[in-house]
Amino acid sequence: MNTTPNTLRPFARLLNISLLLATLPCALNATADETCQSPYMAKITGQEDVVYVWTLGMEGLGDEQDKMVTVDVKPTSSTYGKVIDSVSVGGRNEAHHADFTDDRQFLWAGGLDTNKIFVFDVHTDPLHPKLVKTITDFVAKSGGVVGPHSTYALPGRMLITGLSNNKDHGGNTALVEYNNAGEYVATYWMPTAKALQADQSSVYADGYGYDVRALPRKNLLLSSSFTGWSNYMMDFGKMLTDADAMKHFGNTVVQWDLHTRQAKKIFSVPGAPLELRCAWKPEHNYCFTTTALTSKIWLIYEAEQGVWQAKAVADIGVPANIPLPVDISISSDDTKLWVNTFMDGKTRLFDISDAFHPKQVYEQKIGAQVNMVSSSWDGTRLYFTSSLLANWDKKGLDNEQFFKAYRWDGQHLQPQFAIDFLKEKLGRAHQMKFGARSLYTNASTAK
Amino acid sequence: MHLVFFIFLSLLYSSRLNAESLAPGYAPLSFAAPVPSTYSLPELGVAQDGRVLDSQAHERSLLALMKGKIVVLSFIYSSCDDVNGCPLATFVLHKIQHQLSLHPDRVKHLRLLTLSFNPEHDTPEVMRQYGSSFQAESLDWQFLTTRSVQDLAPILHNYQLNVQKLSTVEGKFTGKFSHSLKVFLIDEQQKIRNIYNAELLHPESLLSDISTLINNQTHTRTRPKKAFSPTPTRQLTALGLPTLPVPRANPLTQAKIALGRKLFFDRRLSFNNTVSCAMCHIPEQGFTSHDMATAVGVEGRTVRRNAPTLYNVAYATTLFHDGREHSLEQQVWGPLLAHNEMANPSIAFVLDKLNSQIAYQTGFKHAFNKPATMETIGLALASYQRSLTSANSAFDRWLYQHESTALSPEAQHGYTLFIGKAGCAKCHTIKAHSALFSDQQFHNTGIGYRDSMVTNASTQQIEIAPKVFVNVANSLINSVSASKQNDLGRYEISQNPAHRWQYKTPSLRNIALTAPYMHNGSMHSLSDVLDFYNAGGVAHEQLDPLIKPLNLTPKELAALLAFLQTLTGDNVKQIVDEALSEPIGN
């Protein structure tokens, strides 16, 4: 087991210990799942023990509640490939994204509908997360932000993107900060055309939000944009055929000053730019996003004189068929980008060695639908889950709900195991996060 | 040169051989430092106390050391040789000490505290020697330790520092620690205002933050709240409207209206606290929703029909598009209990939730002298909705007050068409002294028939980005669509086959504000609606005989549109402002 807490600094020259020494360029510039984590967070560079799957409850299935499901993914384990723990949290909250605090002691899991954030202790017993706190004041404290999405670690605090608001359930929303103790800190509203009148920005400022990523060395924070509660909670088919609803998607990426949390620039990125992933290498001053509706890879990059720009650099599948790119995962060496497309259930691998000219080099159907992808640090293990949003998932037999593990041999994805979340009466499998006992082993020893 | 400082410089020197491995704090800032006081440093929490020893071995309270000063608190251990750990913190503080020495007026506000997390080795004397290499007279920089690991533990816990002793495989402590680099900026009120790690700790940005605190111009940025207006003071009757119908059993009072408004904006009135009445009847969107054709309820459940505007709902003799209720007092329980709207499992569930809250205990007592009951909730919500009267429009002033210039010649022409060639007024009635623009009856325009009986084309055009359209196969759409619920209109209430696909005639007051239109929200603009009626609706056997091709010219359609746009009441802004002043219940 190798783990690299970026701010935990072992001394491998002197010691024969199980922690892998963090090489500082990685430690200081890391962003990616395990290749997509906050750069401020300890990360697992070796074999993960478990994957936590933030799972949506389904009416009529099992206990119908959202739950944190723990899957054993350590090949040498006797329970390898099995669900070893499940913590139901009460209600269906539109479980969506989850992420760790900077010290990786706690996992924050948000509900896009009820706006609750469930905080799990993952350090006391990493194989059995414990729900220790439920934040219920997100909307009230934030001044009306609805839909806690990304929970992104900053030192001592969590930056949480909203998707909507409590005034009209539309897309105007904000970034919200909480401290690691779960106390509200601040709200930063997404820039709107009204707010930007002073600088005569020609780009439409929709005020929408979705994901967020930081490049500290560039004092850069990027946020992307999706849609409001009314759409993300609506039946997908109903929404697609509702022309009014379809007009309410985000078409922007916002560049923020990381230190001051002030919006600096708005990029026009039409068609709902979702996940943001920044390159790892210090000389790679760029991040990727993909647009869900227009099916393109966009590059947000630092151009001449430190000016940041946005450019569409590749199509994903046949955009006219709306493959609907959803989750993406960048490799730790910045050469590969996995892109899942929900509608055709495929994962696609793009060679991004030339960031301006991504080329698809591989594709594989994962299931009738696929949403999230998570990669190990070395890129040899990939995990996939199926659910996009409760009311956007496919209907009938195509509503497969799974967690699937693959090995990437450099040429092909080799199936390792799969868990049917419907058969197991669990629900809709969504966000995945990795856990490892070794992250906390030394702390125990120190005690 | 002191030995510790020498070792420190040696570490830095050796690390510079591999400049990439150095934290940003050692190099000039690669971007412009933030300008002090142009940004906020929100409070991140309260600084925590602990028992520490100063370099003279005097026991001190950590908070006492912070009192009245802006403090930069760092955690180190003296033998740390990770150049991006403790030495970075010390380097940065040393650097700012040097720069602040040029500004004695600022130095007096500041204290640097460096606390060891290795009390077994770092005695007060060790810390004194360690600090003597860095301290300058100009700045108050204290080097601290604790009496024991036991005294240290709660401090580490409270500041969320993960410090691990590093051992050999044989289990022998190496004298080294794996630790989180965290440096805290704490204000004079002992509130944490920033936390820096190896990536963020830099002398220039730290100085900006310190200056920001010294300038004392920081504030938390939250959306400003509008002043709360407890009760509406506007007139509820207006030119163009008949006398407001108020049930004898529910006379209007300001207390009831205010309570009803509070309920209307309270998301806790739904089962999972996500949907209020106002989430579908949005004040700024004409008390309907511009963003969707038909509403969605709790958990995104599909509602078949468009959320109707509530303007002038007091005058409706039947409620809902199918007219299944006739009293606002009763109607409110429909959405509250509908599984696909607010989804409350029972009446008692709603009553218990409201009566458990002091604000509602007080509000209901004040309005009714009794708690929330099925009856009083209905009375209150009905009172607020009944207050949403809006008229005295340009049309009203033109027709009923004879202000000849209130309508443009084009709008006047539109009126002539409205009551004449176009035949609109046959259903959207106008009377001699008032106009509700509704006959309160039910009609079949063919829209419901088309939804139920006509097979869709194989593809649909979808706008996937502004002005970017694609044709999408219905098979693809169907794969992500729940089964569509049928809608038979008034028939569902009357069970009379003649009433299939009939829907209530809506008022046209404020019609310019209440898109999308028709019972299923299928028309996005008034022009779409006019074109639909001009074409004679959807032909079928049960089409209302009043609906037939009108043969209106484009000019006539434009005139009708101009007329419809004169029906907006003069108090809309007042009603919306009043609504927005109500705090949203979350």
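The values are calculated or read from the model by the stated rules, or taken from the named source; none is laboratory data. Because the structure is predicted, anything quoted here is derived from the model rather than measured. When we count neighbours, we look across all protein chains shown, and the Cβ atoms used for this are built from the backbone with ideal geometry, even at glycine.
In the range B:377-417, the residue that is nearest to B:Lys365 (Cα to Cα) out of those that are touching a residue at least 40 places away in the same chain (Cβ under 8 Å) and among the acidic types (Asp, Glu) is B:Asp396.
Checking the range B:534-557 against the condition returns a match, with at least one residue being more than 14 Å from chain A (Cβ to nearest Cβ), surrounded by 19 or more Cβ atoms within 10 Å (Cβ to Cβ) and touching a Lys or Arg at 6+ places or on another chain (Cβ under 6 Å).
Residues that are closer than 27 Å to B:Ala238 by Cβ and touching a Pro at 6+ places or on another chain (Cβ under 9 Å) number at least 2 in the following helices (runs of 4 or more DSSP H) confined to the range B:258-357: B:277-280, B:328-331.
Comparison of A:Phe226, A:Phe236 shows that the only residue that is at the interface with another protein chain (Cβ under 9 Å from one of its Cβ atoms), buried (at least 22 other Cβ atoms within 10 Å of the Cβ) and aromatic (Phe, Trp, Tyr) is A:Phe236.
No other residue among B:Phe75, B:Phe8 is surrounded by 21 or more Cβ atoms within 10 Å (Cβ to Cβ), at pLDDT below 80 and under 29 Å from B:Lys176 (Cα atoms) apart from B:Phe8. Of the residues that make up the range A:358-374, is at least one closer than 28 Å to A:Glu283 by Cβ, within 17 Å of the chain's Cα centre (by Cα) and of a type outside the set (A, V, I, L, M)? Within the range A:358-374, one or more residues are closer than 28 Å to A:Glu283 by Cβ, within 17 Å of the chain's Cα centre (by Cα) and of a type outside the set (A, V, I, L, M). Scanning the range B:172-203 for residues that are surrounded by fewer than 16 Cβ atoms within 10 Å (Cβ to Cβ) and at the interface with another protein chain (Cβ under 8 Å from one of its Cβ atoms) gives a single hit, B:Thr174.
Considering A:Gly379, A:Gly367, the condition of being of a type in the set (Gly, Ala, Ser), over 29 Å from A:Ser230 (Cβ atoms) and surrounded by fewer than 24 Cβ atoms within 10 Å (Cβ to Cβ) is satisfied by A:Gly379 alone.
Residue count for the range B:440-487, restricted to those that are in contact (Cβ under 8 Å) with a residue 24 or more places away in the chain, outside any helix (DSSP H, G or I) and surrounded by 19 or more Cβ atoms within 10 Å (Cβ to Cβ): 6.
Here's the yes/no breakdown for (1) more than 14 Å from every other protein chain (Cβ to nearest Cβ); (2) part of a loop (DSSP other than H, G, I, E, B); (3) closer than 26 Å to B:Lys176 by Cα:
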| residue | (1), (2), (3) |
| --- | --- |
| B:Ala32 | no, yes, no |
| B:Ser55 | yes, yes, yes |
| B:Ser79 | no, yes, yes |
| B:Ala89 | no, no, yes |
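Would you tally the residues in the range A:31-67 being more than 19 Å from A:Val373 (Cβ to Cβ) and either surrounded by 24 or more Cβ atoms within 10 Å (Cβ to Cβ) or modelled with pLDDT of 95 or more (or both)? The total comes to 15. Within the range A:346-363, can one find any residue that is within 14 Å of another protein chain (Cβ to nearest Cβ), in contact (Cβ under 8 Å) with a residue 12 or more places away in the chain and either out of contact with any helix residue (DSSP H, G or I) (no Cβ under 9 Å at 6 or more places or on another chain) or assigned to a strand (DSSP E or B) (or both)? Within the range A:346-363, none of the residues are within 14 Å of another protein chain (Cβ to nearest Cβ), in contact (Cβ under 8 Å) with a residue 12 or more places away in the chain and either out of contact with any helix residue (DSSP H, G or I) (no Cβ under 9 Å at 6 or more places or on another chain) or assigned to a strand (DSSP E or B) (or both). In the set (1) within 14 Å of another protein chain (Cβ to nearest Cβ); (2) part of a loop (DSSP other than H, G, I, E, B); (3) over 19 Å from the mean Cα position of the chain (by Cα), the condition left unmet by A:Leu439 is number (2).
Where strands (runs of 3 or more DSSP E) fall wholly inside the range A:392-435, the ranges with 2 or more residues that are free of Cβ contacts under 8 Å to residues at least 12 places away in the same chain and farther than 23 Å from A:Leu61 by Cα are A:413-420.
Residues satisfying the criterion are present in the range B:302-321 (criterion: within 14 Å of chain A (Cβ to nearest Cβ) and surrounded by 22 or more Cβ atoms within 10 Å (Cβ to Cβ)). Checking each residue in the range A:413-427 for being in contact with a Ser or Thr (Cβ under 6 Å, 6 or more places away or on another chain) and either of a type in the set (Gly, Ala, Ser) or modelled with pLDDT under 95 (or both) picks out only A:Gly427.
Condition check ((1) touching an Asp or Glu at 6+ places or on another chain (Cβ under 8 Å); (2) not assigned by TED's automatic domain parsing to the domain that holds B:Ser383) across all residues:
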| residue | (1), (2) |
| --- | --- |
| B:Pro247 | yes, yes |
| B:Leu269 | no, no |
| B:Asn272 | yes, no |
| B:Ser276 | yes, no |
| B:Ile282 | yes, no |
| B:Gln285 | yes, no |
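Pairs linking a residue in the range B:537-553 that is free of Cβ contacts under 8 Å to residues at least 12 places away in the same chain to a residue that is among the aliphatic types (A, V, I, L, M), with Cβ atoms under 8 Å and 6 or more positions apart or on different chains, do not occur. Only one of the numbered conditions (1) assigned to a loop (DSSP other than H, G, I, E, B); (2) more than 14 Å from chain A (Cβ to nearest Cβ); (3) in contact with a strand residue (DSSP E or B) (Cβ under 8 Å, 6 or more places away or on another chain); (4) surrounded by fewer than 21 Cβ atoms within 10 Å (Cβ to Cβ) is not met by B:Asp122, and that is (4). For the range B:409-416, the count of residues that are in the same structural domain as B:Gln485 (by TED's automatic domain parsing) and part of a loop (DSSP other than H, G, I, E, B) is zero.
Restricting attention to the range B:488-526, the residues that are part of a loop (DSSP other than H, G, I, E, B), within 28 Å of the chain's Cα centre (by Cα) and within 14 Å of another protein chain (Cβ to nearest Cβ) total 8.
Picking from A:Ala195, A:Ala140, which residue would you name as being among the aliphatic types (A, V, I, L, M), surrounded by fewer than 24 Cβ atoms within 10 Å (Cβ to Cβ) and at pLDDT 95 or above? Walk me through it before giving the result.
Details: A:Ala195 fails: at pLDDT 95 or above.
The match here is A:Ala140.
For B:Glu325, the conditions (1) without any contact (Cβ under 8 Å) to a residue 60 or more places away in the chain; (2) surrounded by 23 or more Cβ atoms within 10 Å (Cβ to Cβ); (3) of a type outside the set (A, V, I, L, M) all hold with the exception of (2). Taking the range B:468-485 as the range and being more than 9 Å from chain A (Cβ to nearest Cβ) and within 21 Å of A:Asn251 (Cβ to Cβ) as the test, only B:Phe469 passes.
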